[in-house]
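Novice: Attaching a single structure in structure tokens format; questions to follow.
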Amino acid sequence: MKIQFREKGEISGEVLLEALESEQWHREQAYQQENCTRKLLQSLRDKCCGGSWLSLVLLVSIVIFSQTWLILYLLKIWGSFYTPAGHIVYKDSLGKLHHVHFSWSNCGESSDPVQLKLLKVNPDPVLLDGNITLDLNSVLTENLMSPIKAVVEVERRIGWLWVKIPCLDGLGSCSYEDVCELVPFSLPEPCPDPFPRFKLPCRCPALKGHYVVKDGMFSIANIVTILPAWLVSGDYYVHGMAYKNGKRLGCYTVYASISY
């Protein structure tokens, strides 16, 4: 206990007595708590452990271990619950889990008119303000004419959670009655670079054929100026499905890590 003295080094008897009574009260409270805890442990020992302290320690250790394991298990289940289907991970030689920065998968059928055989993007993570190298191999088995309906779901990882991005200004998790109307390149304007260079369609109709791009480099720096605020550096999961008159054209999922 520390007592603050006056300038002459004297304190009144009342102040000293009050301080001593306060200290005595705290001692009694600590003693009562200690005594209560001791009685509780003794009662627990006598009832469930046959009067053995060693058995009580083992029992408490088992309970603590079980609770810890349960908490870790629930956290694992929680993380798995918020991991979207199609999100791809892999384990290295040491068993450590890694996220694949850029990956895609076909969630449709081999009979769908839109068949993606290969899609690679470099660098990885994708840099929005730099050059991107694209490898593409796709096949259209029929002409894609307007209207083409599409349903897109976008999720972003925040910590362990995957949060669905709502549809904001036509971007995010949206449903489109006709994606052809969203294309900003209308006739008679020519398709801008890099579409002519890679011999890719930039508007509807997209004619059936085999489309291949090998080490195609282009820049998307201009896209950065029109991106919404939520599209910043992070991990994203995209699930997209397209239809024509109720018939599925294709279904694909993409996982990408974006850096800006």
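Novice: In the range 154-167, which residue that is surrounded by 18 or more Cβ atoms within 10 Å (Cβ to Cβ) and of a type outside the set (K, R) is nearest to L182 (Cα to Cα)?
Specialist: Out of the qualifying residues, it is V154.
Novice: Can you tell me which residues in the range 109-144 are part of a loop (DSSP other than H, G, I, E, B), over 21 Å from the mean Cα position of the chain (by Cα) and surrounded by fewer than 18 Cβ atoms within 10 Å (Cβ to Cβ)?
Specialist: E109, S110, S111, D129, G130, T141, E142, N143
Novice: Could you say which residue among P192, P147, P184 is within 19 Å of L249 (Cα to Cα) and either not in a strand (DSSP E or B) or not polar (S, T, N, Q) (or both)?
Specialist: Working: P192 fails: within 19 Å of L249 (Cα to Cα); P184 fails: within 19 Å of L249 (Cα to Cα).
Just a single option satisfies the conditions, and that option is P147.
Novice: Also: Return yes or no: is K96 loosely packed, with under 14 Cβ neighbours inside 10 Å, among the basic types (K, R) and at pLDDT below 75?
Specialist: Yes: the conditions hold for K96.
Novice: Let me ask something else about it. Considering only the range 170-193, I want to know if a residue exists there that is closer than 19 Å to F102 by Cβ, surrounded by 14 or more Cβ atoms within 10 Å (Cβ to Cβ) and at pLDDT 90 or above.
Specialist: So far as the range 170-193 goes, no, none of its residues is closer than 19 Å to F102 by Cβ, surrounded by 14 or more Cβ atoms within 10 Å (Cβ to Cβ) and at pLDDT 90 or above.
Novice: Give me the pairs: first residue in the range 155-169 and touching a residue at least 24 places away in the same chain (Cβ under 8 Å) and aromatic (F, W, Y), second residue open to solvent by less than 60 Å² (accessible area, probe 1.4 Å) and assigned to a strand (DSSP E or B), beta-carbon distance under 6 Å, and six or more apart or on different chains, which are they?
Specialist: Note: pairs meeting the criteria are W162/E155.
Novice: Just one of (1) outside any strand (DSSP E or B); (2) among the small types (G, A, S); (3) in contact with a Leu (Cβ under 7 Å, 6 or more places away or on another chain) trips up G216, so point out which.
Specialist: (1)
The values are calculated or read from the model by the stated rules, or taken from the named source; none is laboratory data. Remember, it's a predicted structure, so these values are computed and weren't measured experimentally. In this analysis, Cβ positions are derived from the backbone assuming ideal geometry, glycine residues included, and neighbour counts consider all displayed protein chains. Side chains included, ligands, DNA and RNA excluded: accessible areas come from the protein's heavy atoms. Shrake-Rupley method; radii C 1.70, N 1.55, O 1.52, S 1.80 Å.
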